[in-house]
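Here the structure comes first, spelled out in structure tokens, and everything after it is commentary.
Nothing in this text is a laboratory measurement; each read-out follows from the coordinates by a stated rule. Being a predicted model, the structure only gives us computed values, none of them experimental. Quick reminder, even Gly has a Cβ in these numbers, built from the backbone with ideal geometry, and neighbours come from all protein chains shown.
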Amino acid sequence: GPLQHLQIARMRALETGRYMLRGTNNGVTAIIDHKGQLAETIPQFERAVLTGEVYSAQGSTPYMQTGSWPVLTLAAILIVFVRVRVIPKS
């Protein structure tokens, strides 16, 4: 679970193009850069202080502007196309 949550946080940092600070009690504490890479980490179940550099960002990524709508729209179009063209009418 904790490693999967770290992967989700890495994806969010990549989607938004911003640094992410992730602090947990018993998971992986990390600084994630704007490209989704781990800049600094503290392993699970270790008590420590994490230090590192974080940079602010301006602007927005295409995902921040549109969200999941382009993918959902394309999926709906493909479903309609398959229904009309491939699946025979009874």
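Points worth noting:
- Among Tyr55, Trp69, His34 - extreme Cα towards positive end, dipole of the chain, charges at beta-carbon: Trp69
- Integer Hz, Karplus 6.51/-1.76/1.60 couplings in order for the stretch 55-63, x for Gly and Pro: 10, 7, 9, 10, x, 9, 8, x, 5
- If the chain linking Tyr63 and Glu40 were pulled fully straight, counting 0.36 nm for each residue of separation and taking away their Cα-Cα distance, it would gain 5.7 nm.
- Length-normalised contact order for the chain - Cα pairs under 8 Å, 6+ apart - percent: 21 percent
- Each peptide among 28-40, 53-65 gets the average number of other Cβ atoms lying within 10 Å of its residues, and from highest to lowest they stand as 28-40, 53-65.
- For the stretch 2-46 and the stretch 49-76, distance of Cα centres in Å: 15 Å
- The phi torsions of the stretch 32-46, fed into the Karplus equation with coefficients 6.51, -1.76 and 1.60 and a -60° offset, translate into couplings of 10, 7, 5, 9, x, 8, 7, 7, 9, 9, 10, x, 4, 6, 10 Hz, rounded to whole numbers, with Gly and Pro shown as x.
- Note on the chain: with charges restricted to the Cβ of Lys and Arg (+1) and Asp and Glu (-1), its dipole about the Cα centre is near 580 debye.
- Taking the helices alone, the chain has a mean residue ellipticity at 222 nm of -13000 deg cm²/dmol, built from -39,500 (n - 2.57) per DSSP H run of at least 4 residues and averaged over all its residues.
- Peptides 16-25, 75-84, ordered by how many other C-beta atoms sit within 10 Å of their residues on average, highest first, read 16-25, 75-84.
- Karplus-based coupling profile of the stretch 72-77, in residue order and whole Hz: 5, 5, 4, 4, 5, 5, with θ = phi - 60° in 6.51 cos²θ - 1.76 cosθ + 1.60 and x standing for Gly or Pro.
- Taking amide hydrogens as placed 1.01 Å from N in the peptide plane, the amide H of Ala39 sits under 5 Å from those of Ile31, Ile32, Asp33, each at least 5 positions away in sequence or on another chain.
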